[in-house]
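Student: Have a look at this one.
The values are calculated or read from the model by the stated rules, or taken from the named source; none is laboratory data. Since the model is a prediction, treat every value here as computed from it, not as a measurement. For neighbour counting, all protein chains shown are included, and Cβ atoms are generated from backbone atoms with ideal geometry for every residue, glycine included.
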Amino acid sequence: MEKVKLTRSYYHHPSNVQLHGHPIGTVFQQTVNKYREKEALIFPEDNVRITFDDLNKRSNEFAGGLTKLGLQHGDRLGVWSDNHLEWAIVHLAAAKIGLPVVHLQVGFRAHQLVPLLHKTKCTALVMGLASRDLFTEIHEVVPDLKDAKAGELQSTHIPTLRVVINLDAQCHPGTFKFNTILDLGKQLDPGKLLERMNKVEVDDLSAIFFTSGSTGTPKAIVHTHGTQINKYIVLFGSGLVDNHYSKSFMTSPFAHLGGADCGLMFPAISGATVVIGSPKMEASDIIKILIDEQIESLFLLPHLMFDIINFCRTEQLSFPSLKTAYTGGSMMPDRLLKSISEVLKAKVFRVYSSTEAGGVLMHRTDSPLELTISTDGFPSVGCEVKVVDATGRIAPVNVCGELWARNSFLFLYYLGDNEKTQEVKTPDGWYRTGDLAVMNEQSYCRIVGRKTDTIIRAALNIYPAEIENVLIQHPKVKMVQVVPIPDERLHQEVCACVV
């Protein structure tokens, strides 16, 4: 990055990389052609490993099965599951035939899920393989499923939902088994599948993610094939991120943009092998994976980094293969970032991102440790970033204001909420992040807070209204106020004041 000396809090980090305009399925096929026999994904907790070639074949079969079931281009498919291989197969299959994937967090309860499926007009739902019995929950709010014939659900609660696919080992009424869809896909003429795949365009919708606003109402954030791919094309092409690591490790849920990016999109575009863990893994289990799999690149949230550092100090461990450690998602103590460098002996990359705008700020290979510690990064390649005052005018450097971003991987809109979309996206394409920041003369930015009262616990956004709305339902609760309290490990902990 060229040395700059700014006077105003605006910087554009230009990219000389040509965007190629291909959808996810085409880009993945190019990756498969290069790395056919290389392992694509590893799920240690499931004892599952799969090569790029096998992942391609199985996703083609599943795409064929969905086609045989009658799902059309643009039909939306929800996935409600923990991180497993089946999630990745469904993701790629849907992308190949133009089905936007609705990423449903396992933390959602069934009564929360129904309005979201209704809002997104899901035609199909893939569910199961979770830490709790999702089918018992769904039957309580969609009782029609128990008596429905598989593939012919007619629900008064979710009128568009027709197909439910079961990832669990046991059978469930009204659903197809996952393997049944794979077998069905083998019957489809390969020429017809190719015809479906050729109809998918880079600007077609590819994914819908859910995040909540300060009111506690979930927002449906819409992305296209292009917005999901472009961030990696410019990062790899610029050399800002090395895409040649043989193995990376991450634990974030696929239902979140960070998990989908690192665990699904990253290997599909780069050819890197990604080892997938779960968010609830113990430090000892993660460390065993780092050693056994010879992990070179680590994507972890700050609270898990905290656990690993403490464990390593106690056991006097080292990881010769580890080169880089990416972290972000919440504020981090300076000592944690120093410890990642000193204890893990890895180059630290601090990343600031959002579901709407992707990676907005990050550090690079030549960023000195002191800047990595003291700032959240400079504008990512391909990004324009500015800090504005209350009137929307660019602030002088070193003056706090709201951070705005503009790039080629910005979300399209909030589904069904034009008012909220217009509130955060300006007519000229800027995204108002809602975060308060300071930019220095070299374009490095420091996030100093939120304009709202969101609680951030272990990088998870928790919205007081959501908790308050549940607690107030208890017959003995008259009043409730949810507030954050500081926590060294988790950044913030939730405190409910109940009367």
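Residue-wise test of (1) polar (S, T, N, Q); (2) surrounded by 16 or more Cβ atoms within 10 Å (Cβ to Cβ); (3) at pLDDT 95 or above; (4) within 23 Å of the chain's Cα centre (by Cα).
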residue: Asp376; (1), (2), (3), (4): no, yes, no, yes
residue: Pro396; (1), (2), (3), (4): no, no, yes, no
residue: Gly401; (1), (2), (3), (4): no, yes, no, no
residue: Leu415; (1), (2), (3), (4): no, yes, yes, yes
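Student: If a residue has to be buried (at least 17 other Cβ atoms within 10 Å of the Cβ) and acidic (Asp, Glu) to count, how many in the stretch 134-155 make the cut?
Tutor: Counting residues in the stretch 134-155 that are buried (at least 17 other Cβ atoms within 10 Å of the Cβ) and acidic (Asp, Glu) gives 1.
Student: List pairs: first in the stretch 180-195 and loosely packed, with under 14 Cβ neighbours inside 10 Å, second modelled with pLDDT of 95 or more and not basic (Lys, Arg), Cβ under 6 Å, 6+ apart or cross-chain?
Tutor: Close Cβ pairs satisfying both conditions: Lys186/Glu61.
Student: Also, quick follow-up: Taking the options Gly78, Gly65, name whichever one is within 17 Å of Lys192 (Cβ to Cβ) and at pLDDT 95 or above.
Tutor: Exactly one residue qualifies, and that residue is Gly65.
Student: May I ask you to list the residues in the stretch 110-124 that are out of contact with any Leu (no Cβ under 9 Å at 6 or more places or on another chain) and aliphatic (A, V, I, L, M)?
Tutor: Val114
Student: Show me the strands (runs of 3 or more DSSP E) found entirely inside the stretch 1-97 where at least 1 residues are surrounded by fewer than 21 Cβ atoms within 10 Å (Cβ to Cβ) and basic (Lys, Arg). It would help to see each step written out before you state the result.
Tutor: Working: elements: 10-12, 39-43, 48-51, 76-80.
Strands (runs of 3 or more DSSP E) meeting the threshold: 48-51.
Student: Does Glu441 satisfy the criteria of being modelled with pLDDT of 85 or more, charged (D, E, K, R) and outside the structural domain of Leu304 (by TED's automatic domain parsing)?
Tutor: Details: modelled with pLDDT of 85 or more: yes; charged (D, E, K, R): yes; outside the structural domain of Leu304 (by TED's automatic domain parsing): no.
No, not satisfied.
Student: So, one more: Check whether at least one residue in the stretch 19-30 is farther than 30 Å from Cys383 by Cβ and either without any contact (Cβ under 8 Å) to a residue 40 or more places away in the chain or under 17 Å from the mean Cα position of the chain (by Cα) (or both), and report yes or no.
Tutor: Keep residues of the stretch 19-30 that are farther than 30 Å from Cys383 by Cβ, which gives none.
No, that holds for no residue.
Student: Let me ask something else about it. I'm trying to understand the selection: among the residues of the stretch 363-376, which are in contact with a Phe, Trp or Tyr (Cβ under 6 Å, 6 or more places away or on another chain) and closer than 16 Å to Ser297 by Cβ?
Tutor: Matches in the stretch 363-376: His363 only.
Student: When Asp204 is evaluated against the numbered criteria (1) surrounded by 19 or more Cβ atoms within 10 Å (Cβ to Cβ); (2) closer than 25 Å to Leu415 by Cβ, which criterion, by number, is the only one it fails?
Tutor: Only one criterion in (1) surrounded by 19 or more Cβ atoms within 10 Å (Cβ to Cβ); (2) closer than 25 Å to Leu415 by Cβ is unmet by Asp204, namely (1).
Student: Please give the number of the condition Phe411 fails out of (1) at pLDDT below 95; (2) in contact with a Gly (Cβ under 9 Å, 6 or more places away or on another chain); (3) closer than 28 Å to Phe254 by Cβ.
Tutor: (1)
Student: Pick from the stretch 449-469 the residues that are modelled with pLDDT of 80 or more and β-branched (Val, Ile, Thr): which of them is farthest from Thr251 (Cα to Cα)?
Tutor: Filtering first and then ranking leaves Ile467.
Let's see how each residue does on (1) in a helix (DSSP H, G or I); (2) closer than 22 Å to Pro368 by Cα; (3) touching a residue at least 40 places away in the same chain (Cβ under 8 Å); (4) in the same structural domain as Thr251 (by TED's automatic domain parsing):
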residue: Ile291; (1), (2), (3), (4): yes, no, no, yes
residue: Gln294; (1), (2), (3), (4): no, no, yes, yes
residue: His303; (1), (2), (3), (4): yes, no, yes, yes
residue: Thr314; (1), (2), (3), (4): yes, no, no, yes
residue: Leu317; (1), (2), (3), (4): no, no, no, yes
residue: Pro320; (1), (2), (3), (4): no, yes, no, yes
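Student: Next question, about the same structure. List, please: which pairs have Cβ atoms under 9 Å, are six or more places apart or on different chains, and start with a residue in the stretch 353-374 that is free of Cβ contacts under 8 Å to residues at least 24 places away in the same chain and end with one that is surrounded by 18 or more Cβ atoms within 10 Å (Cβ to Cβ) and part of a loop (DSSP other than H, G, I, E, B)?
Tutor: Close Cβ pairs satisfying both conditions: His363/Thr375; His363/Asp376; His363/Tyr444; Ser367/Thr375; Ser367/Tyr444.
Student: Need pairs with beta-carbon distance below 6 Å; first residue under 18 Å from Gly25 (Cα atoms) and within the stretch 98-112, second of a type in the set (Ser, Thr, Tyr) and surrounded by fewer than 24 Cβ atoms within 10 Å (Cβ to Cβ); sequence gap 6+ or separate chains.
Tutor: So the pair list comes out as Val102/Thr120.
Student: Separate question: What is the number of the single condition among (1) surrounded by fewer than 16 Cβ atoms within 10 Å (Cβ to Cβ); (2) assigned to a loop (DSSP other than H, G, I, E, B); (3) touching a residue at least 24 places away in the same chain (Cβ under 8 Å) that Val494 does not meet?
Tutor: All conditions are met except number (2).
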